[in-house]
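The values are calculated or read from the model by the stated rules, or taken from the named source; none is laboratory data. Please read these numbers as outputs of a predicted model, since none were measured by experiment. Methodologically, a virtual Cβ is constructed for each residue, glycine included, from the backbone with ideal geometry; neighbour enumeration extends over all protein chains shown.
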Amino acid sequence: MAAGYLRISNNHSKHIGINSIECEEVNASLHETVIDSDGVIRMEKIAIFYIDPESHVDFMPGAKHIMFSGFDQFEDKKLKCSFGSDIGLKIPFTLEVLSNG
Ligand SMILES: [Cu+2]
């Protein structure tokens with residue numbers, strides 16, 4: 001397993017809902033780290049999250065992240081992915097691979 005972090009910005013005047021992710025060659029899903037009522041830290045899949053107009057959402061340790069599996073077979077330094085959105089727009093982006101251990 002590996003995790004990916006980034007900032008996604010919305011330069012539009014409307015909310016955008018991000019509801020899926022796809023990456024070449026590796027399996028990726030949208031995750032969020034949460035602390036439940038017993039104080040236990042765990043990860044949940046995100047069905048959708050919204051970015052406010054003229055705003056951004058940060059993916060970072062302990063919060064939203066991209067969870068990868070099958071990464072040990074991937075040898076490139078760049079990973080091409082895209083977000084799916086509630087307005088039907090695909091948002092492509094490239095992640096830099098820092099380690100694949
Ligand atoms: Cu996760």
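Look at region 67-93: where a residue is over 20 Å from residue 31 (Cα atoms) and a partner is of a type in the set (A, V, I, L, M) and assigned to a strand (DSSP E or B), sitting 6+ places away or on another chain with Cβ atoms under 7 Å, you get 87/16. If you go through region 12-54 and keep only what is farther than 26 Å from residue 79 by Cα and among the β-branched types (Val, Ile, Thr), you end up with 34, 35, 40, 41. Per this entry, residue 60 is not counted among residues that are within 16 Å of the ligand (Cβ to nearest atom), assigned to a strand (DSSP E or B) and loosely packed, with under 15 Cβ neighbours inside 10 Å.
Per-residue answers, yes or no, for (1) surrounded by 12 or more Cβ atoms within 10 Å (Cβ to Cβ); (2) more than 14 Å from the ligand (Cβ to nearest atom):
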| residue | (1), (2) |
| --- | --- |
| 1 | no, no |
| 8 | yes, yes |
| 39 | no, yes |
| 46 | yes, no |
| 54 | no, yes |
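Just checking, how many residues over region 66-96 are in a loop (DSSP other than H, G, I, E, B) and not hydrophobic (A, V, I, L, M, F, W, C)? Talk me through it step by step, then tell me what you get.
As a first pass, look at region 66-96 and keep what is in a loop (DSSP other than H, G, I, E, B): 70, 74-77, 86-89.
Still in the running and not hydrophobic (A, V, I, L, M, F, W, C): 70, 75-77, 86, 88.
So the answer is 6.
Do we find a residue being away from the ligand (no atom under 15 Å from the Cβ), at pLDDT below 95 and surrounded by 11 or more Cβ atoms within 10 Å (Cβ to Cβ) anywhere in region 67-76?
Looking only at region 67-76, we keep the residues that are away from the ligand (no atom under 15 Å from the Cβ), and these are 72-76.
Okay, now just the ones that are also at pLDDT below 95, so 72-76.
With surrounded by 11 or more Cβ atoms within 10 Å (Cβ to Cβ) added as a condition, the list becomes 72, 74.
Yes, because at least one residue in region 67-76 is away from the ligand (no atom under 15 Å from the Cβ), at pLDDT below 95 and surrounded by 11 or more Cβ atoms within 10 Å (Cβ to Cβ).
If you filter region 23-37 down to residues that are more than 20 Å from residue 90 (Cα to Cα) and of a type outside the set (A, V, I, L, M), you find that the one that is surrounded by the fewest Cβ atoms within 10 Å (Cβ to Cβ) is 37.
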